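Working notes, structure below.
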2 protein chains.
Amino acid sequence: MAQKPSIPKGTRDFNPEQVAKRNYIFSTIKSQFQTFGFQPIETPSFENSDTLMGKYGEEGDRLIFKILNSGDFISDYNNNLIKSIKLALRNFKAFIEKNSNKAEKEGFFDNFINVFPEVLRRNKEIKFDERSINLDKLSSDISTKIQTYLDKDFLLEMFVEDDDRYLTTLTIIIFGDFYYELGNKYVGEYISEKALRYDLTVPFARYVVQHQNEIEFPFKRYQMQPVWRADRPQKGRFREFYQCDADVVGSDSLWQEVEFIQLYDNVFTALGLKGTIIKINNRKILSGIAEVIGASDKLIDFTVALDKLDKIGEEKVKEEMLGKGIPQSGIDKLQPLFSLSGDFEAQIEILKGILSTSEEGKKGIEELDFINEAISSLGLQSAKLQLDVTLARGLNYYTGAIFEVSAPEGVKMGSIGGGGRYADLTGVFGLKNVSGVGISFGLDRIYLVLEELGLFPETIAKSTEVMFINFGDKEALFCLKAVKSLREAGVNAELYPDKITNGKHMKKQMNYANKREIPFVVLVGEEEMNTSVYTLKNMITGDQTKVSLEALITAVK
Amino acid sequence: MAQKPSIPKGTRDFNPEQVAKRNYIFSTIKSQFQTFGFQPIETPSFENSDTLMGKYGEEGDRLIFKILNSGDFISDYNNNLIKSIKLALRNFKAFIEKNSNKAEKEGFFDNFINVFPEVLRRNKEIKFDERSINLDKLSSDISTKIQTYLDKDFLLEMFVEDDDRYLTTLTIIIFGDFYYELGNKYVGEYISEKALRYDLTVPFARYVVQHQNEIEFPFKRYQMQPVWRADRPQKGRFREFYQCDADVVGSDSLWQEVEFIQLYDNVFTALGLKGTIIKINNRKILSGIAEVIGASDKLIDFTVALDKLDKIGEEKVKEEMLGKGIPQSGIDKLQPLFSLSGDFEAQIEILKGILSTSEEGKKGIEELDFINEAISSLGLQSAKLQLDVTLARGLNYYTGAIFEVSAPEGVKMGSIGGGGRYADLTGVFGLKNVSGVGISFGLDRIYLVLEELGLFPETIAKSTEVMFINFGDKEALFCLKAVKSLREAGVNAELYPDKITNGKHMKKQMNYANKREIPFVVLVGEEEMNTSVYTLKNMITGDQTKVSLEALITAVK
């Protein structure tokens, strides 16, 4: 029976027009990345699990797509598990047969849990791969499970009194129970050693460390590849989507923050998207404020509350802060923050007042000042730089500048880009003290904004420009010679593959050209072949003229 | 502890130079696809498993990368299994308590296996997803397993005599045994509903059927995306690699075969790879020969043997055919085939002799003749079309033309492209009688050939063209204004981010420019700023000149 075709939820097919529009955005971004001196790299779609796991917090880890090991992935695991349980049971049996004292038994169990991992390691029949199985934990879980069963009188009795038959049965019981209760704990990691890329930043950090000897630092790289997240699919949120990232690693210079603001401005201007707002903040400002109001230990609570200012208003924000244990006296000190207004410089002045006692805060102000002055002096084409002290995205990893770009006023859309500086990008992979700063473009949202504002150029989805009607094999061959010349001249041209039979199907071919919006159609019959001309029909105006091959090429180019 | 970074075997990182070279091949192919009127589509990286499974033969299915369902994927499965086993046991227990007759017991078991799937379906506590679990098979397996255990006297005794305690224990035993013996059979499909794309053809067929109402047929599409195969990695064989495919669906016209030969010729000529050999064959020729020699039922054996002619020679091929049961009289009729030589036309004449009694064979000759005459008349730029009756790739699915492209003579490399016609591409997804024909380019091998022959243009890996030395913040700002103008003029330019401190690190910046092969460096100090000039250093010749901004842009463009 035929399958009804569908694709997994959260994924998308892209038709020719969508591919063309997406490629237009990609190539615009790419071309700007290149003029700024960024170089492309690409990394594999899947990484070793341990490269990705533990880098995105608990929530992120859960959203990583894991790839099942190939082949008969589970038999090895099961065999090892059965053998381990049996081995443990044999040891217990030998002990129980000699000792029946309850206290001694307990002691034996405790001791056994400690030596069991080593017993497993030495046994040549058991081949647990310790890269994916923690033998200490496994040993403890197996032993505990066995203890539970041996506490059941009727089983213990059978077990001790009888031969190997009961030992095997008990092994299977414990194996089953173990699977039932703890299956998920071990088997998941054991049967999956690879995972799909969750973002481009962690693979980039891995790349930098792995290839550090081939790289000249500072390394300016860009990367435009899909990432995958097992998020609940919803409008505008997909399980497969592209990220477009540019990062510099290996330099603390603030000139890079300046350049990234210019880069945002250049890309959005090139896309015709004028009036974007580039919001900037600095983690040091947020830390400084937290310090000043006596909430240094509550930085996250504080910023999470502050981040909601736009949505819930001043009073609710204050309530939330109080609720999180930030003292009223501290919140009072924040008052100037709630009425922060005016241009970049004016806001900086207010911040200077608030942060006068915080060294870290003052450092943050200094950085913002430097960046703002440079941008003022260099000018932006169409974007506006705005200080936003409530901006707290990526606070878990950003250590300096924080960026976020909003679509022009009037377009309802979340951020269309974001980024920041992270003091230690590569430390987790063993390369310490390498500072990085980077930005990202949100392709899908930019696509929606350009669509909404009608900013895609009309020509980008341009496909075939000239189609030749196929009147028959002789005519087709004659036409293909012209098609060849047109293609050599860079014109997208094609011959309708099926010929007209019994004078029929001519309309079908014209309809095809119409529906595909092919602007020119060429008709060649006996007469045209004899006189080496082409009847050129303009599908928009309906005009028809007889032209030479040369004139044909000129007319459609 | 820091992780030592690595990537999964069979996958690759691409550095900036490699990305540039790969993109050069991609964009050359893409540009030719477009002049031929092909339109791009993209499909998701992963498909529903049932879209892919069963389409590539047993061997192919094994090589498909499966994605683990997200979340706690195994608990549901385990709970359902436990409940099912317990439900079956309760039924057995009720029956056994009433009947002890052995024959009746057997009958009950057989009958139970038949009704059990329905029992499971009706039980609201058990929620097996029948898209991934075959309940008939599962019911039978569970029942058989139970039967085995109830045949063990000591268990049966406990089970019948006692209360639910033993029923639970027995459930766990059977659950464990089931997992141990049959875990792989069910759990693999249950915990994975998605799989990574194995090729572009099946997803394309799925796309065509799913979007048939939006598509104008004949549909000429191209697709350039990665595919994944769990193949054993070895030199030149990767687990992630790109395919570049162009196909037409919805037309039987042989003009398409003609166009695909032109397309191959155009692409390889555009890449500077002259002298490629486009081999062509036709499945109908192979079927015809098999028919003539009385081996119609041994088409695969026959073609597999014939395919080895180049490698093992005439005698061994004949031996293999004999061994496979092809009669000597038939093999004798093949004699002209072994000495097949001369140009396309000459070979066609010999084939006409061999195939005079086969209708299918004659149809194959007619098709080859048509294609060859058209190509002779249209001419090829640098490739050569060659008839190769031993060519049998993809015989499982190709029904007409078969293509394969070899690198120019002297380059040791397998095929760098291939394709063919398949009469029924989309039937498996419910759209019958849609013929397709397509070709594919082998990116990785083309890359190696271009590298070996030194055919990559020197300019493609071009990165930054001008770098400004960073003498300090004042100078940097001055420089960034020039950088901005250069970028606006389309020149890739950058400022070294870190400034020289205490007159040091100048050499470091120059070294950086050297290693990155940046051709021009600009130096701006106090003097330059005062007079608004730029000291331009040519890094290849070492020449240094003072120029205006305008002259700078002209000089480096």
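Things to note:
- For A:GLU214 and A:THR357, a Förster radius of 56 Å and the Cβ-Cβ distance give a FRET efficiency of 0.75, rounded to the nearest 0.05.
- Binning the C-alpha pair distances of the range A:441-557 at 10 Å intervals from 0 yields a P(r) profile of 13, 41, 25, 12, 8, 1 %, listed from the shortest bin outward.
- Degrees between helix A:309-323 axis and first principal axis of chain A (Cα, 0 to 90, nearest 10): 10 degrees
- Chain A - percent relative contact order, Cα under 8 Å, separation 6 or more: 15 percent
- Residue of chain B with the Cβ closest to the rotation axis carrying B onto A, and that distance rounded to whole Å: B:GLY176, 1.
- Inter-copy label distances at A:SER485 (7 Å, Cα→Cβ; nm, one decimal): 4.7
- Just so you know, the Rg over Rh for the protein assembly as shown is 1.02, from Cα atoms, with Rh as the Kirkwood radius.
- Distances between placed amide hydrogens fall under 5 Å for A:LEU495 paired with A:PHE468, all partners being 5 or more residues away or on another chain.
- Taking 0.36 nm per residue of separation and subtracting the current Cα-Cα distance, fully stretching the chain between A:LYS481 and A:ALA94 would add 130.4 nm.
- Between the range B:339-383 and the range B:140-185, the Cα center-to-center distance that results, in Å: 68 Å
- Counting only Cβ charges, +1 for Lys and Arg and -1 for Asp and Glu, the dipole size of chain B around its Cα centre is about 1580 debye.
- Tilt relative to chain B, helix B:164-190 - C-alpha long axis, 0 to 90 degrees, to 10: 40 degrees
- Furthest towards positive pole of dipole, B:ILE278, B:ILE85, B:ILE174, structure part the protein assembly as shown, Cβ charges: B:ILE278
- Carbon + sulfur, % of accessible area of the range A:278-406 - ligands and nucleic acids excluded, 1.4 Å: 48 percent
- MRE, 222 nm, helices only [DSSP H, n ≥ 4, -39500 (n - 2.57), over chain B, to nearest 500]: -15500 deg cm²/dmol
- Angle in degrees between helix B:443-452 and the longest Cα principal axis of chain B, rounded to the nearest 10: 40 degrees
- When the charge dipole of the range A:109-241 is built from unit charges on Cβ atoms (+1 for Lys and Arg, -1 for Asp and Glu) and taken about the Cα centre, the candidate among A:PRO218, A:ALA230, A:LEU135 whose Cα reaches farthest toward its positive end is A:PRO218.
- Distance (nanometres) between label positions extended 7 Å along Cα→Cβ at B:GLN147 and A:LYS9: 4.0 nm
- Taking the label point 7 Å along Cα→Cβ, A:GLY323 and its counterparts in the other copies are spaced 8.0 nm apart, in ascending order.
- Most simply put, the range A:466-556 has about 55% antiparallel DSSP beta bridges, counting only bridges with both residues inside it.
- For the range A:73-191: accessible area per residue (Å², 1.4 Å): 49 Å²
- Base-10 log of normalised Debye intensity for the range A:73-191 (one unit scatterer per alpha-carbon) at q = 0.09, 0.21 Å⁻¹: -0.23, -1.25
- Partners of A:LYS316 within straight-line reach, counting aspartates and glutamates whose Cα lies under 15 Å from its Cα and excluding those fewer than 8 residues away in the same chain: A:ASP301, A:ASP307, A:ASP332.
- Mean separation of Cα pairs under 8 Å and 6 or more residues apart, divided by the residue count, gives the range B:278-406 a relative contact order of 50 percent.
- Using a cut-off of 30 Å between Cα atoms, the listed pairs B:LYS220/B:LYS279; B:LYS98/B:LYS152; B:LYS481/B:LYS508; A:LYS55/B:LYS507 include A:LYS55/B:LYS507 as exceeding that distance.
- Unsatisfied cross-links (Cα-Cα over 19 Å) in the set A:LYS194/B:LYS4; B:LYS284/B:LYS318; B:LYS324/B:LYS352; A:LYS83/A:LYS124: B:LYS284/B:LYS318; B:LYS324/B:LYS352
- Convex hull volume per residue for chain A, taking Cα atoms only, in Å³: 267 Å³
- Over the range B:362-459, the hull volume per residue, using the convex hull of the C-alpha atoms, is 158 Å³.
- Qualifying trypsin sites (Lys or Arg not before Pro) in the range B:185-235, DSSP loop, other Cβ atoms within 10 Å at most 13: B:LYS235
- Note on the range A:278-406: Kirkwood hydrodynamic radius from all Cα pairs is 14.8 Å, rounded to one decimal.
- Buried on complex formation within the range A:192-232 (loss of at least 30 square angstrom of accessible surface versus the isolated chain, 1.4 Å probe, ligands and nucleic acids ignored): A:LYS194, A:LEU196, A:ARG206, A:TYR207, A:GLN210, A:GLU216, A:PRO218, A:LYS220, A:TRP228.
- Cα centre as origin, Lys/Arg/Asp/Glu Cβ charges: the range A:278-406 dipole, Debye: 260 debye
- Across all C-alpha atoms in the range B:47-130, the radius of gyration and Dmax reach 18.5, 52 Å.
- The B and A chains share an interface that buries close to 10300 Å² of accessible area, total over both sides, probe 1.4 Å.
- Shown for B:LYS311: label points 7 Å from Cα along the beta-carbon vector, and their distances to the equivalent points in the other copies, 6.3 nm in ascending order.
The values are calculated or read from the model by the stated rules, or taken from the named source; none is laboratory data. Because the structure is a prediction, the values reported are computed rather than measured. Glycine gets a Cβ as well: all are built from the backbone with ideal geometry, and neighbour counts include every protein chain shown. Keep in mind that these areas ignore ligands, DNA and RNA; they rest on the heavy atoms of the full protein, side chains included. Shrake-Rupley method; radii C 1.70, N 1.55, O 1.52, S 1.80 Å.
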